[in-house]
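The structure under discussion appears below in the form of structure tokens.
The values are calculated or read from the model by the stated rules, or taken from the named source; none is laboratory data. This is a predicted model, so every value here is computed, not measured. Positions of Cβ are generated from backbone atoms using ideal geometry, with glycine treated the same way; all protein chains shown enter the neighbour counts.
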Amino acid sequence: MSHSHINPSLLSSTTSNTHDLAPPPELSYQRKEDLYRAAQKWAASHGYAICIGRSTTQHGEDRTNYVCDKAGTAQPKAGDLLGKTQKVDCPFKFTGNFYKKQGVFQIKIKEPHHNHPPSEDPSHHAAHRRLNDQQLNLVQELTHAGVPPLKIK
């Protein structure tokens, strides 16, 4: 699998328990939402999903850390037993930085490797089961037209 869109120094850290789930290309976008949608679409077609890890703004430049949805570890809530979790402390991450001078959001891969195999189906990830804007509008139109929820599919 070609990684021509990734800094070569990042690829040398492979270990035997990493999986080659290709990270999104390091491209630029006019809007943060476009970056997120493109990266999520890429992730879905490569067997994983992304979520926002942390966001900061300094000197007018927005920086958002994106991680695999299997990043981190599950923490039991007070009095509860730890239930089934998809969290496996996956190290994959990239940033979506806004560069004020260029006026663009840029993907920068920080850790290209995952510690789990690809998912068999995108529907295994909550992020890929969400309705898009067009689907949400249709649901709203049908609801306002009096269509019962069980009839909306």
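For this structure, a couple of remarks:
- Extreme residue, surrounded by the fewest Cβ atoms within 10 Å (Cβ to Cβ), among residues of the range 24-49 that are touching a Pro at 6+ places or on another chain (Cβ under 8 Å) and under 13 Å from Tyr66 (Cβ atoms): Ala38
- Residues in the range 30-58 that are farther than 13 Å from Phe94 by Cα and in a strand (DSSP E or B) were compared, and the one that is modelled with the lowest pLDDT is Gln58.
- Criterion applied to Asn132, Asn115 was being free of Cβ contacts under 8 Å to residues at least 60 places away in the same chain and of a type outside the set (Ser, Thr, Tyr), and the one residue passing it is Asn132.
- Single condition Pro118 does not satisfy, out of (1) under 29 Å from Gln30 (Cβ atoms); (2) in contact with a Gly (Cβ under 7 Å, 6 or more places away or on another chain): (1)
- Residues of the range 97-153 that are in a loop (DSSP other than H, G, I, E, B) and touching a Leu at 6+ places or on another chain (Cβ under 6 Å): Pro112, Pro118, Ile152.
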